[in-house]
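The values are calculated or read from the model by the stated rules, or taken from the named source; none is laboratory data. For clarity, every value in this text was computed on a predicted model and none was experimentally measured. Please note: Cβ atoms are built from the backbone with ideal geometry, for glycine as well, and neighbour counts cover all protein chains shown. These accessible areas exclude ligands, DNA and RNA; they are computed on the full protein's heavy atoms, side chains included. Shrake-Rupley method; radii C 1.70, N 1.55, O 1.52, S 1.80 Å.
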Amino acid sequence: MKILTVIGARPQFIKASAVSRAIQQVGGLEEVIVHTGQHFDEKMSQIFFDELSIPVPKYNLDIHGLNHGAMTGKMLAGIEEIILLEKPDYLLVYGDTNSTLAGALAASKLHVKVIHVEAGLRSFNMKMPEEINRILTDRVSHLLFCPTETAMNNLEKEGFDQMKLIYLNSGDVMYDTTLHYSQLVKWDSPVLENFKNESFVLCTLHRAENTDNLERLRNIIEGLNKISQSIKVLVPLHPRTKNIIEKLQVPVHFEIIEPVGYLDMLGLIQSCALVMTDSGGLQKEAFFLKKYCITMRDETEWVELVENGYNFLVGADQDKMVEKFLALSQKEINDGLNLYGEGTAADYIVKQIKATIDEGPGFK
Ligand code: UDP
């Protein structure tokens, strides 16, 4: 049985590392990987393949730097050709990027069944490109793996229990990867050596709702500048945000570094005082590694972190950013609520895929 996996962005490489390893271990499944090229440079792409032993993609579509429509359209055409050539039994996608949607759409139009890992998440903010991508991808998927109970409930509310689909709570593959790779952090790497004796807030910023809204972006930068008066704020910055900030020509008092590899990132999370971010994945990694998180968004898909007091939504409000920083920077999480499974999501997912495939064509 052949699975065509479509990935293209940094968080997908990380998620795929866990599932691809499980696919290799289970046997009987052939995985062919397509890299759409959405993230393409060394620090946003290649480093993850090298560090996380992800199988080399058989295809690289090299599609990036376009508006959403053009990018998704080109990916759709490229993936369609590959599906026709490879004739996979299933197509596997992760998360909520344009690569996810393009893969899901191309496959479903060709009647190839779609497997969606990280299904059911909702921010209920239809202005987010990610929200559109995840809703549409879920709708054309046949086998949906939800990382949380909330995600399962979201699908039920949308009527998925009435459809001939399989949706399961698998737990979160990012918990698997955090557990696995946090053991492998190289503490003498140049990045970790550089910051090892310092107290710092770790921050990432790349969500379009912040970077493409200059008022929000200015406010967030100002909030980070204010926090930088008390502690170093270290920002491994997404190239897109870097370009925008450079054009804005606003004073920046925090430390911007190049994006780092996953092992360094897990080391930085463990070493920092606090995480501030608008990333989806980092909100959870902070929790997994017992750090509080301040999220510069108005809503989150990971509502259980907010409900349990591990994560605080501050939007783009600089006063709230500072207030929460002051309240949280000396604290670490010291309870062990289990919100995202057992760290065995990838094995579960692959076993379920295999069981479903073994049922033969036309399952359920
Ligand atoms: N990440 C990384 N290096 C960095 C910044 C982030 O390895 O310089 C990792 C981070 O730890 C998380 C993933 O990238 O696992 C999150 O990706 P991103 O924030 O780009 O996407 P999102 O999770 O918001 O979809």
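Of everything in the stretch 16-26, what is modelled with pLDDT of 95 or more, of a type in the set (V, I, T) and more than 15 Å from G95 (Cβ to Cβ)? Give them in sequence order. Result: I23, single match.
Yes or no, residue by residue, for (1) part of a helix (DSSP H, G or I); (2) modelled with pLDDT under 95; (3) more than 23 Å from S141 (Cα to Cα):
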| site | (1), (2), (3) |
| --- | --- |
| I14 | yes, no, no |
| I47 | yes, no, yes |
| V56 | no, no, yes |
| G69 | yes, no, no |
| V93 | no, no, no |
| S99 | yes, no, no |
| L105 | yes, no, no |
| S108 | yes, no, no |
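Yes/no per residue for (1) farther than 20 Å from M44 by Cα; (2) within 16 Å of the ligand (Cβ to nearest atom); (3) not hydrophobic (A, V, I, L, M, F, W, C):
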site: H206; (1), (2), (3): no, yes, yes
site: K226; (1), (2), (3): yes, no, yes
site: L237; (1), (2), (3): no, yes, no
site: R240; (1), (2), (3): no, yes, yes
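When the stretch 95-126 is filtered for residues that are away from the ligand (no atom under 16 Å from the Cβ) and either on the phi > 0 side of the Ramachandran plot or open to solvent by 10 Å² or more (accessible area, probe 1.4 Å) (or both), the ones remaining, listed by number, are L105, S108, K109, L110, H111, V112, K113, F124, M126.
Applying a threshold of 7 Å to beta carbon distances and a minimum spacing of six or more residues, or different chains, the list of pairs starting in the stretch 1-16 at a residue that is closer than 12 Å to F49 by Cβ and ending at one that is away from the ligand (no atom under 16 Å from the Cβ) and open to solvent by less than 10 Å² (accessible area, probe 1.4 Å) reads I7/I33; A16/T5.
If the condition is being assigned to a strand (DSSP E or B) and within 16 Å of the ligand (Cβ to nearest atom), then the stretch 1-12 contributes V6, I7.
Restricting to the stretch 38-65, count the residues that are open to solvent by 50 Å² or more (accessible area, probe 1.4 Å), within 13 Å of the ligand (Cβ to nearest atom) and not basic (K, R). Full working, then the answer.
First, pick out the residues of the stretch 38-65 that are open to solvent by 50 Å² or more (accessible area, probe 1.4 Å): 40-43, 46, 50-51, 53, 56, 58, 60, 62, 64-65.
Filter once more, keeping what is within 13 Å of the ligand (Cβ to nearest atom): 41-43, 46, 50-51.
So of that shortlist, the ones also not basic (K, R) come out as 41-42, 46, 50-51.
Looking only at that region, the number is 5.
Would you confirm whether or not the stretch 289-298 contains a residue that is at pLDDT 95 or above, open to solvent by less than 10 Å² (accessible area, probe 1.4 Å) and part of a loop (DSSP other than H, G, I, E, B)? Scanning the stretch 289-298, I find at least one residue that is at pLDDT 95 or above, open to solvent by less than 10 Å² (accessible area, probe 1.4 Å) and part of a loop (DSSP other than H, G, I, E, B), so the answer is yes. Being buried (at least 20 other Cβ atoms within 10 Å of the Cβ), in contact (Cβ under 8 Å) with a residue 24 or more places away in the chain and among the polar types (S, T, N, Q) holds for only one residue in Q229, Q270, Q283, and it is Q283.
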